[in-house]
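The values are calculated or read from the model by the stated rules, or taken from the named source; none is laboratory data. No experiment lies behind these values; they were computed from the predicted model shown. In this analysis, Cβ positions are derived from the backbone assuming ideal geometry, glycine residues included, and neighbour counts consider all displayed protein chains. In case anyone asks, the SASA skips ligands and DNA or RNA and just uses the protein heavy atoms, side chains included. Shrake-Rupley method; radii C 1.70, N 1.55, O 1.52, S 1.80 Å.
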Amino acid sequence: MIKFFLMVNKQGQTRLSRYYEHVEINKRTMLEAEVIKNCLSRSKDQCSFIEYKDFKLVYRQYAALFIVVGINETENEMAVYELIHNFVEVLDKYFSRVSELDVSFSASEIRLS
């Protein structure tokens, strides 16, 4: 089961977040900061799956944007990894050129690839 979905830039700013189970606002802020720190500190040679507390993190980097998905222990990491890629492909086709400059999707130019 997916617990949350984050889009984060290289500066560690959350551009989009969606939680699929209730998490208090102050705990969300702390969780996002820790998750971002863990993902940004890893090198490109390291695996894109991280065991973190009572769940796993699956992330992919597209240019200056990281997409991080928190999942439970029973979820398939490779399936979520491909889900992230498919999500990015859909965004890229729908919005033409996607960038992290405007993940609210209101700008005319958005680029992920």
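Looking only at residues that are in contact with a strand residue (DSSP E or B) (Cβ under 7 Å, 6 or more places away or on another chain) and part of a loop (DSSP other than H, G, I, E, B) in region 14-68, which one is most open to solvent (accessible area, probe 1.4 Å)?
Out of the qualifying residues, it is 20.
Which of the following residues is touching a helix residue (DSSP H, G or I) at 6+ places or on another chain (Cβ under 8 Å) and hydroxyl-bearing (Ser, Thr, Tyr): 94, 20, 62, 81? Working first, answer last.
Working: 94 fails: touching a helix residue (DSSP H, G or I) at 6+ places or on another chain (Cβ under 8 Å); 20 fails: touching a helix residue (DSSP H, G or I) at 6+ places or on another chain (Cβ under 8 Å); 81 fails: touching a helix residue (DSSP H, G or I) at 6+ places or on another chain (Cβ under 8 Å).
Residue meeting the stated conditions: 62.
Among the listed residues 91, 83, which satisfies the condition of being open to solvent by 30 Å² or more (accessible area, probe 1.4 Å) and either in contact with a Leu (Cβ under 8 Å, 6 or more places away or on another chain) or modelled with pLDDT of 90 or more (or both)?
Only one candidate passes the filter, namely 83.
Checking residue 99 against (1) at pLDDT below 95; (2) open to solvent by 40 Å² or more (accessible area, probe 1.4 Å), only one condition comes out false. Which one?
For residue 99, the exception is condition (2).
Starting from region 16-30, keep only residues that are among the aliphatic types (A, V, I, L, M), then list their pairs with residues that are surrounded by 10 or more Cβ atoms within 10 Å (Cβ to Cβ) and modelled with pLDDT under 90 whose Cβ atoms are within a distance under 6 Å, requiring at least 6 positions of separation or different chains.
16/103
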